[in-house]
2 protein chains.
Amino acid sequence: MSRISDATITRLSQYYRSLASLEEGGQEMVSSMALARKHGVTPAQVRKDLSCFGQFGTRGLGYSVCQLKETIARILGLHRIWNVALVGAGSLGSALISYKEFKRQGFHIVAVFDNDLDKVGKKRRGLTILDIRRLPQMVKKLDINLAIIAVPKDAAQSVADLLIKAGLKMILNFAPISLKASPGITIRNVNMAIELEALSYRLVADKSFRPGNNPQLTPV
Amino acid sequence: MSRISDATITRLSQYYRSLASLEEGGQEMVSSMALARKHGVTPAQVRKDLSCFGQFGTRGLGYSVCQLKETIARILGLHRIWNVALVGAGSLGSALISYKEFKRQGFHIVAVFDNDLDKVGKKRRGLTILDIRRLPQMVKKLDINLAIIAVPKDAAQSVADLLIKAGLKMILNFAPISLKASPGITIRNVNMAIELEALSYRLVADKSFRPGNNPQLTPV
DNA sequence: GTCGGATTGTGAAAGTGTTCACAAGCATGG
DNA sequence: CCATGCTTGTGAACACTTTCACAATCCGAC
């Protein structure tokens, strides 16, 4: 079967959250219809997403909340603990250390690195900031699986290179620059400014701009 | 012409960044080919993206770096200042206040709100934290255009309701819950945990899991 | 045991986004 | 002024994603 799309994976993550809260509420079964409504998608979409991985439902009844949750957890790798390295002990980095949702899903930030020697040795929410040069050593020692980059734009590419050299294959990048992944390496770029830009585009577009009917857009 | 896709807008944001750095470097013209290579897309993609909004290039020569940059800025609404309200003065909120890229693109966080009365009145990087109940008043007074939610999961929906009631139409949500937008309201959800999950999925998938060939995935 | 109501799983259809391929068109040089 | 080389802009082809629609099938009631 073909590769699973990113959109499908994102939705599975979302279904997972709904299922967890349904389970807390004591509900035993859920239909594709119910799940779909919670996420603003069609029931067919829910079923297609799940069908990429197997058959988990019972016709006439729906899906077992508990079983489906566990199944998705296994698909997404949420059934285990992942050790995460964080590079960048600035304010964003510090915020990420205490971001509850990471820990809740099994992503444990086990080491924080920085290249600023004034910071090295200090603590951030219980974790001692380590010299970035100790990265390769610590990746092995702590069995680190994933890395998060939270450094300024200009440092991001060289940090990524270091991470890859240390053997890491999966990187989540918060620096506002799109890092390109070499083959075998997966980099996900989260650019918070770009998210805002998508909103401001709509703010402009809704008011005055209509594609194809926009004289003032011609080059200056 | 039809609605512009989200992917196109995201790419325009990225082209914009490249153009800014090309301009700094003194380059005057750029071809779709050159721009495409910087972003790992095809030249045709670049041209299609731009052609949604008009014709900005010169055949045989390419695009004027400066003009194209200005044009994209106008499309995305980056040619002006947007006043942004931030709700949630926790660690993520504080990090966002000092996130340079926002200011650089014209997004100015002009007010910070929280419902924790212990925080209200204190300062975060120069901004006094305001009582969330003053939101409607301040939205008008400060002419706020956009809002960012950086509160815990459970508070996110009620904060969104407040923002909408105060007249805001564009919301960027960092709480790990997908807020649904009512008609006329645009909400963008940034879920950092989901980004990590997409990575852990691949970590699991690359090693052991192949869709359709995965006995241990059957429900427990 | 079988009938009825409900819901899944899935091919096929529709819709969207991306790439191809080439005519159109500009600048430069002779 | 025309030929040449290069790059845009765009219709058509292709690829991917979502939705539709319905057969398959399970549960529970009678």
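Taken together, the values in this text are just the output of simple stated rules run on the coordinates, not laboratory data. Since we're looking at a predicted model, the values are computed, not measured. Every residue, glycine as well, gets a Cβ built from its backbone with ideal geometry; the counts of neighbours run over all protein chains shown.
What the table below lists for this structure:
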{"quantity": "Value of relative contact order over chain B, rounded to a whole percent, pairs C-alpha under 8 Å and six or more apart", "calculated": "13"}
{"quantity": "Top positive-direction residue, dipole computed over segment B:82-194 with Cβ charges, set B:VAL159, B:GLY126, B:ASN115", "calculated": "B:GLY126"}
{"quantity": "DSSP beta bridge pairing in chain B, given as percent antiparallel to the nearest 5", "calculated": "25"}
{"quantity": "Net length gained if the chain between B:MET33 and B:ARG134 were fully extended (0.36 nm per residue, minus Cα distance)", "calculated": "31.3 nm"}
{"quantity": "Cα-centre dipole for chain A with unit charges at Cβ (Lys and Arg positive, Asp and Glu negative), debye to 20", "calculated": "260"}
{"quantity": "Isotropic mean projected area of the C-alpha convex hull, the protein assembly as shown (nm²)", "calculated": "23.5"}
{"quantity": "Cβ-vector label at 7 Å, B:PRO152, separations to other copies in nm", "calculated": "3.5"}
{"quantity": "For A:SER182, label point 7 Å along C-beta direction: distances to other copies, nm", "calculated": "5.2"}
{"quantity": "Furthest towards positive pole of dipole, A:LEU22, A:GLN55, A:ALA150, structure part chain A, Cβ charges", "calculated": "A:GLN55"}
{"quantity": "Computed FRET value (nearest 0.05) for A:SER51 with A:ASP154, which takes r as the C-beta separation and R₀ as 60 Å", "calculated": "0.85"}
{"quantity": "Lysine pairs in segment A:62-171 with Cα atoms under 17 Å, if 8 or more residues apart or on separate chains", "calculated": "4"}
{"quantity": "Where rotation carries B onto A, the chain B residue whose Cβ is nearest that axis, in whole Å", "calculated": "B:ALA95, 2"}
{"quantity": "Theoretical ellipticity at 222 nm over chain A - DSSP helices of four or more residues, -39500 (n - 2.57) apiece, nearest 500", "calculated": "-13000 deg cm²/dmol"}
{"quantity": "Rounded to the nearest 20 debye, dipole of segment B:6-76 from Cβ charges on Lys, Arg, Asp, Glu", "calculated": "220"}
{"quantity": "Charged-residue dipole, Cβ positions (Lys, Arg, Asp, Glu), segment B:82-194 about Cα centre, Debye nearest 20", "calculated": "300"}
{"quantity": "Mean projection area, nm², convex hull over Cα of chain A", "calculated": "17.5"}
{"quantity": "Top positive-direction residue, dipole computed over segment B:82-194 with Cβ charges, set B:TRP82, B:LEU96, B:GLN137", "calculated": "B:TRP82"}
{"quantity": "Using a 7 Å Cα-to-Cβ projection, A:GLY54 label spacings across copies, nm, ascending", "calculated": "5.6"}
